[in-house]
Amino acid sequence: MRIEHWLYALPLKFRSLLRRDQVERELDDEMQFHLDQLIEDGIARGLSPGDARAAAWRAMGGLTQRKDEVRDMWGVRWFTDLVDDMRFALRSLRRVPGLTVFIVLAIAVGIGMTAAAFSLLDALVFRPYPVPRPGNVVNLVSTSRDNAFEGFSYREYLDIRAAAKSYDGVVANSTIMGIGFAPDTKATPRVQAGMLVSGNYFRVLGVEPQVGRGFRDDEDQVQARDAVVVLSWECWKREFASDPGAVGRSIRLNGRDFTVIGVAPKSFPGMFIFARNDFFIPLAMAKLFLANSQTDFFESRDDRQLALRARLGAHTSLAEARHELAGLVGAFQRSFPPLYRDRGAAVLNQVQMRTQTGDVKNWKFSAIFTILALATLLVACTNVAGLLLSRARGRTREIAVRLALGAGRARLVRFLMAESLILALLGGIAGVAVGYVGIGFLSQFSIPSDLPISIPIRMDTRVLLACATLAMASAVLFGLAPALQCTRVELATGLHAADVDPPGRHRMWGRNALIVAQVAMSLMLLTAAFLMARGFQSGVERATGFRKDHLLMVRLDPRLLQYDSTRTQQFYRLLTERLCDTPGVSSVALTLNPPLGLDTFERIQFVPEDFELPRDRDHVTSSMDAIDEGFFETMGIAITSGRAFSASDGANAPRVAIVNEHFAKHYWPNGDAVGRRFRLEGRGGAPVEIVGVARTIPYRSTGEKPIDFVYLPVAQHPSARLVVLLHAPGDPLALVEPVKAAVHSLDPDLPLLELRTYEDLYRYDAIEGPRVAVRLVGTMGAAAVFLAIAGLYGLVAYNVTRRTREIGIRMAIGASSSDVLRLVLGKGITLVGIGTAIGLVLGVGVERLFDATLFDNSAGVDVVSYLIVVPSMFLATLLAAWLPARRALRIAPSQALRWE
Amino acid sequence: MSKPTDLVQGTLDLLILKLLALQPLHGWAISRRLKSLSGDVLQVSEGSLYPALHKLEQEGWIQAEWKLTENNRRAKFYELTRLGRRQLETETAAWELLSSAITSVIRLSEA
């Protein structure tokens, strides 16, 4: 019955909406027909045509009213009214183009900034994993006292996979920093990124290969047997021009032939948001790719290189999974007590994983950006609310007339809201454009790496949705209060004057609060920008003690060509000798990773001599770099006591180390670190003697808190993947060709990675990134200040206009110009004062937030920032109030009294 | 000005449905027919018929079509739908129940 009803009703409703003209015409025709018949009827009864017409009109009893009654029956009234409101609002906005443009721009800046910041936050935290049903994918991490987010070893993975009941499959993967890739046997290998994955990886994550197939479980069971690879979609497109025939072909990875069995879909670039990887390779092939040849990946229980993910079973809660994993790790502890001291495990969901692990600073940054951008939007909204309020008050008489003619208050509020809605929509659309610019700006972060690392910031549906929501919310925010207030008009007074205060003492309270909020917020934003700029600046200033210029760096990895360790060491020895003899090179150094380098520093576990370990632990850890004897000279890092490494610290010589000052002071506060020893890998490990202490410098980023750091001779801690640093008194880039020649004279096939000046790396960390951040926050601050100034100017100007007559009278009866100035300026100054005070409090809050999240700030409150920001803000706002106030002085009493 | 509501609540709908059940009619014809069938007792004011017609159309009980009259003029003819026929039956039954009840009450008081 109901369905049949809609079968008739729906087409009618659509028709009256979409073909409104025709429906209206038909209504006219229908009524006209009736009218004509009535008239004919009258004439037939003997009336004159004129009388008949008049009688017919009378009988119909108001044609327009009848039609309106009919329209009510169509049941689409609410919608057509809305459209009418919109049309009318558009028309009335077109009459004030300046105001409209200003409002739209203000909203656009607010929304665009927020969209850009949110897109970054979304990319870093919220965007779901690119797999079906991403919600029940969880991360398993191993925890220890020093590191809450470690991976698992291969053995542990097998045990967990076999024993855990909470999951519909557990997968493991390990990122490979560089794979030597050649499309065929003859080509010179290039370096690409890749990932080792367990055989069930695609199946458990629910990823269907676009072409070919995923791994079979048996392809991940026998070590080094199945040389098969799944390409990423990007790699397939780039290297094989999306040729389906690529499947089945043979490619060379790290010198071994692999058969391509499939291509991952475009929607699945991998689970990690930053690094795009080109190859998915079974874990069983790990020996070919992993850096650390000293431990046995497949056997060692504490070679923790695997990231574990799992799909929660349908009826399992996160808490149950956590409980189960804790039980499993407990069993490990009982079986292998020395390996599992202080070790635990955790199960984390996506957001926990992304916000608690890895480079936490990035997402905190973007969260702070988003908060600051929302503050900018709030300033814009309060500003627009103020503007609309004065506009609405200027329309008091118009509104009074409408009320007098019988318009309902709700109807009027709706009409005024339609205006706000249009402004917000326009602002939202323009905001998307601003957002695009902002995102382009944020994407300028280019990480100086050969491997494709990028933060996938983009304007996707999620961000657009956020924009739309913000636009609607701001429409309510800035539109509702003015609409409600200005429809509360006393008819009698409203009809008298063009502009009347609503009765009551708190009549201006709302506007004053808006101005105070704007001043306070913009002061806060400006302070934030300043603090950020100065925070980065002080980080850069403190980043001393090492050379940044006249250095060339290149990363080499002979493992890509299957060198064994003897050949690798021979290669580096010959290479350094040749480079030392190259004209224009003053010194050469080897390092695992230079200061501020893109690799993460390895960590060592050790037991320091003559140092009381806390009772509950049997070792401590520190970041570590392995270097050769030329390192300190080349990097210009001072040895403050003891000696640097020398060629005699070879593989068979007594083991030695150099520590930084922070390390030395940490463990031996009396300043006698040189000559002390520590044991690597626990109490029974090899003793290492400290032969020197080096200056503490920033290692991971400029502005970091000082950390413990140990240098070991690379001869005693061999590695294949090394960075060669060359110091050149001249232009380091002039050495590019000689370096290439030197490497290729030793092995023509070896790729050169990250060949660039060291200054590039330094500038990326210390200058480029911060510059983007400071500019972004600075733009927000500038926009907010501009809005606050415009708002204050508007308020005072409006007050002067409104009180023209009052001022005229006062002047006529003898008020001096300073009296008048005080009258119109006094309130502005009070508002600025209150706003500044609140803004100062907010600013200190922001500084606390920055100190807690971004900067190592030991200096406490940054007084200089406030000394610059507060007075300039105060002066600017005073100027904004004073300019319109001056107009009050020029009022001629005779003219003012004739007002209206 | 008498409005449809001056009739017993809902009876105008019933009358229109009944008239259209006999044959499709335009608004003018319905108004004449009402007048002639019921004398001047059930007079519906000119024009106030139309809101009722449009309401019935929205309910899906009648549907409209533009056709030529016998005088060769275009007019909007309404006819009963299947839904409307069922509605007519329901309303007729309800009306008969109501009127017989009222009649019997009135007779009681006269006796």
> Which members of the stretch B:45-58 meet the condition of being within 7 Å of chain A (Cβ to nearest Cβ), open to solvent by less than 70 Å² (accessible area, probe 1.4 Å) and assigned to a helix (DSSP H, G or I)?
Replying inline: B:Tyr50, B:Pro51, B:His54, B:Glu57, B:Gln58
>> If I ask for residues that are in a helix (DSSP H, G or I), open to solvent by 20 Å² or more (accessible area, probe 1.4 Å), more than 18 Å from A:Leu312 (Cα to Cα) and touching a helix residue (DSSP H, G or I) at 6+ places or on another chain (Cβ under 8 Å), which ones from the stretch A:150-201 would you list?
In response: A:Tyr154
>> Every residue in the stretch A:227-259 that is open to solvent by 10 Å² or more (accessible area, probe 1.4 Å) and in a helix (DSSP H, G or I), please.
In response: A:Trp233, A:Glu234, A:Trp236, A:Lys237, A:Arg238, A:Glu239, A:Phe240, A:Pro244, A:Gly245
>> I'm trying to understand the selection: among the residues of the stretch A:1-49, which are open to solvent by 70 Å² or more (accessible area, probe 1.4 Å) and aliphatic (A, V, I, L, M)?
In response: A:Met1, A:Ile3, A:Leu7, A:Leu10, A:Leu18, A:Ile43, A:Ala44
>> Checking B:Ala75 against (1) within 9 Å of chain A (Cβ to nearest Cβ); (2) part of a strand (DSSP E or B); (3) open to solvent by 20 Å² or more (accessible area, probe 1.4 Å), only one condition comes out false. Which one?
In response: (3)
> Is there a residue in the stretch A:325-336 that is out of contact with any helix residue (DSSP H, G or I) (no Cβ under 6 Å at 6 or more places or on another chain), within 29 Å of A:Arg775 (Cβ to Cβ), assigned to a helix (DSSP H, G or I) and of a type in the set (Lys, Arg)?
Replying inline: no
> Of A:Leu750, A:Leu722, A:Leu755, which residue is open to solvent by 20 Å² or more (accessible area, probe 1.4 Å) and under 24 Å from A:Leu560 (Cα atoms)?
Replying inline: A:Leu755
>> Take the residues in the stretch A:791-816 that are hydrophobic (A, V, I, L, M, F, W, C) and at pLDDT 80 or above; name whichever of them is most open to solvent (accessible area, probe 1.4 Å).
In response: A:Ile813
> Within the stretch A:174-213, how many residues turn out to be small (Gly, Ala, Ser), at pLDDT 85 or above and farther than 18 Å from A:Lys237 by Cα?
Replying inline: 4
>> Any residue at all in the stretch A:691-714 that's open to solvent by less than 40 Å² (accessible area, probe 1.4 Å), assigned to a helix (DSSP H, G or I) and β-branched (Val, Ile, Thr)?
In response: no
> On the given criteria, is A:Leu120 surrounded by 13 or more Cβ atoms within 10 Å (Cβ to Cβ), modelled with pLDDT of 85 or more and either farther than 30 Å from A:Glu398 by Cα or within 14 Å of chain B (Cβ to nearest Cβ) (or both)?
Replying inline: no
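Mind listing whichever residues of the stretch A:59-86 are within 14 Å of chain B (Cβ to nearest Cβ) and over 19 Å from B:Glu59 (Cβ atoms)? Outline the logic, then answer.
So in the stretch A:59-86, the residues within 14 Å of chain B (Cβ to nearest Cβ) come out as A:59-77.
Passing the criteria: A:Ala59, A:Met60, A:Gly61, A:Gly62, A:Leu63, A:Thr64, A:Gln65, A:Arg66, A:Lys67, A:Asp68.
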>> Looking only at the stretch A:849-900, how many residues end up being hydroxyl-bearing (Ser, Thr, Tyr) and modelled with pLDDT of 75 or more?
In response: 4
>> Show the residue pairs meeting these rules: Cβ distance below 6 Å; 6+ apart or different chains; first residue within the stretch A:552-581 and closer than 30 Å to A:Gly730 by Cβ; second residue basic (Lys, Arg) and buried (at least 18 other Cβ atoms within 10 Å of the Cβ).
In response: A:Asp557/A:Arg721
> Just checking, which of B:Thr103, B:Thr81 is open to solvent by less than 60 Å² (accessible area, probe 1.4 Å), at the interface with another protein chain (Cβ under 8 Å from one of its Cβ atoms), farther than 18 Å from A:Ala56 by Cα and modelled with pLDDT of 85 or more?
Replying inline: B:Thr81
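Of everything in the stretch A:564-600, what is open to solvent by 30 Å² or more (accessible area, probe 1.4 Å) and either at pLDDT 95 or above or assigned to a loop (DSSP other than H, G, I, E, B) (or both)? Give them in sequence order. Give the derivation first.
Our first condition is that a residue be open to solvent by 30 Å² or more (accessible area, probe 1.4 Å); within the stretch A:564-600, this holds for A:564-567, A:569-570, A:573-574, A:577-578, A:580-581, A:583-584, A:586, A:598, A:600.
Residues satisfying the conditions are A:Asp564, A:Pro583, A:Gly584, A:Ser586, A:Leu598, A:Thr600.
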> So is A:Ala385 of a type in the set (Gly, Ala, Ser) and farther than 30 Å from A:Ala310 by Cα or not?
Replying inline: yes
> List the pairs whose first member sits in the stretch B:51-70 and is among the hydrophobic types (A, V, I, L, M, F, W, C), whose second member is assigned to a loop (DSSP other than H, G, I, E, B) and open to solvent by less than 60 Å² (accessible area, probe 1.4 Å), and whose Cβ atoms are under 7 Å apart, counting only residues at least 6 apart or on separate chains?
Replying inline: B:Trp61/B:Thr81; B:Ile62/B:Thr81
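Let's see how each residue does on (1) in a loop (DSSP other than H, G, I, E, B); (2) open to solvent by 30 Å² or more (accessible area, probe 1.4 Å); (3) under 22 Å from A:Arg409 (Cα atoms); (4) modelled with pLDDT under 85:
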| site | (1), (2), (3), (4) |
| --- | --- |
| A:Gly438 | no, no, no, yes |
| A:Phe478 | no, no, yes, yes |
| A:Leu484 | no, yes, yes, yes |
| A:Arg488 | yes, yes, yes, yes |
> Looking at (1) surrounded by fewer than 21 Cβ atoms within 10 Å (Cβ to Cβ); (2) in contact with a strand residue (DSSP E or B) (Cβ under 9 Å, 6 or more places away or on another chain), can you tell me which one A:Pro669 breaks?
Replying inline: (2)
> Within the stretch A:307-324, can you find the residues that are among the acidic types (Asp, Glu) and either part of a loop (DSSP other than H, G, I, E, B) or under 22 Å from A:Ser198 (Cβ atoms) (or both)?
Replying inline: A:Glu324
> Hey, A:Val739 hits all of (1) under 35 Å from the mean Cα position of the chain (by Cα); (2) more than 18 Å from A:Gly545 (Cα to Cα); (3) open to solvent by less than 30 Å² (accessible area, probe 1.4 Å) but one; which does it fall short on?
Replying inline: (1)
> Which condition number does A:Ser92 fail, the rest of (1) of a type in the set (Ser, Thr, Tyr); (2) surrounded by fewer than 14 Cβ atoms within 10 Å (Cβ to Cβ); (3) closer than 18 Å to A:Gly479 by Cβ being met?
Replying inline: (2)
>> I'd like to verify a number: residues in the stretch A:619-635 that are in a loop (DSSP other than H, G, I, E, B) and open to solvent by 50 Å² or more (accessible area, probe 1.4 Å), how many?
In response: 1
>> Return the residues of the stretch A:4-49 that are more than 22 Å from B:Pro51 (Cβ to Cβ), of a type in the set (A, V, I, L, M) and at the interface with chain B (Cβ under 10 Å from one of its Cβ atoms); say none if nothing qualifies.
In response: A:Leu7
> Restricting to the stretch A:260-271, what's the tally of residues that are out of contact with any Gly (no Cβ under 8 Å at 6 or more places or on another chain) and not in a loop (DSSP other than H, G, I, E, B)?
Replying inline: 0
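The values are calculated or read from the model by the stated rules, or taken from the named source; none is laboratory data. Computed from a predicted structure; not experimentally measured. Here Cβ is always computed from backbone atoms with ideal geometry, including for glycine, and neighbour counts include all displayed protein chains. With ligands, DNA and RNA removed, areas are computed over all heavy atoms of the protein, side chains included. Shrake-Rupley method; radii C 1.70, N 1.55, O 1.52, S 1.80 Å.
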